[in-house]
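Data first, discussion second: the structure below is written as structure tokens.
Derivation of every value follows stated rules applied to the coordinates shown; laboratory data play no part. Please read these numbers as outputs of a predicted model, since none were measured by experiment. A quick note on method: Cβ atoms are made from the backbone with ideal geometry, for glycine too, and the neighbour counts reach across all protein chains shown.
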Amino acid sequence: QVQLVESGGGLVQAGGSLRLSCAASRITFSIYAMGWYRQAPGKQRELVATISRSGITNYADSVKGRFTISRDNAKNMVYLQMNSLKPEDTAVYYCSAKAANYDYWGQGTQVTVSS
């Protein structure tokens, strides 16, 4: 069974940084596009950033210039470096893996940014 396990969330002050990690197992990691999504209370889940198999990245406008997604195919890991955090970045952050008809999600990690 495919597993995606997020880590690195927590409480940080506005302007601070966090690095989220997602460990994938039981998956041919290199063929999957990986992504980070987030869901704030009372809101729909939204895309934060994606990275293709070849390393092409895409970001939501709200995080461009502040967040960086990266992947390490040798370690089956995907990362989200979050800088200059804002209170509106507070949400549960989810890791995703997508390929063809397959779509997997992690359990999420809470990120809380205090003002």
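What the Cβ-Cβ distance of Asn83 and Gln1 gives, at R0 = 41 Å and to the nearest 0.05, is a FRET efficiency of 0.75. Using a cut-off of under 18 Å, list every residue of the stretch 75-93 whose amide N is near the label point 7 Å from the Cα of Arg26 along the Cα-to-beta-carbon line. Counting backbone N atoms under 18 Å from the label point, the list is 76-77.
Given Ile56, Val92, Gly42, which one lies farthest toward the positive end of the charge dipole of the chain, if we put +1 on the Cβ of every Lys and Arg and -1 on the Cβ of every Asp and Glu? Toward the positive end, the furthest listed residue is Ile56.
Report the percentage of all Cα-Cα pairs in the chain whose separation exceeds 16 Å, rounded to a whole percent. Roughly 55 percent, once rounded to a whole number.
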